[in-house]
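One structure is given below, encoded as structure tokens.
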């Protein structure tokens, strides 16, 4: 089951599958430079209220992404054992 990175809530993880076709190439390239590659596991660290950007950890870095970008990153939820 695939969903977007924006659907993660604090404390949950997802594995990046791909970027949707509506994401501009310059955003896709920049996200990959930051470590958002297919196969990477991303953890949502914080989900502020009122549509504020969410905070994500990918590899050893922490980033804040808003819904306009995070909704274009397709993930598969990771179930913590």
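Computed values, structure above
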read-out: Full-stretch length increase - residue 15, residue 3 - with 0.36 nm per residue and alpha-carbon distance subtracted; value: 3.3 nm
read-out: For the chain, radius of gyration divided by Kirkwood radius, i.e. Rg to Rh on alpha-carbons; value: 0.92
read-out: Among 51, 39, 11, residue whose mean-square fluctuation peaks in a GNM of the chain (springs only between Cα atoms under 10 Å); value: 51
read-out: Footprinting exposure proxy for 73, 16, 62 (fewest neighbouring C-beta atoms within 10 Å first); value: 62, 16, 73
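No value in this document is a laboratory result; all are computed from the given coordinates. A quick note: this is a predicted structure, and the numbers were derived from the prediction, not measured. Here the Cβ is made from the backbone with ideal geometry for all residues, glycine too, and neighbour counts use every protein chain on show.
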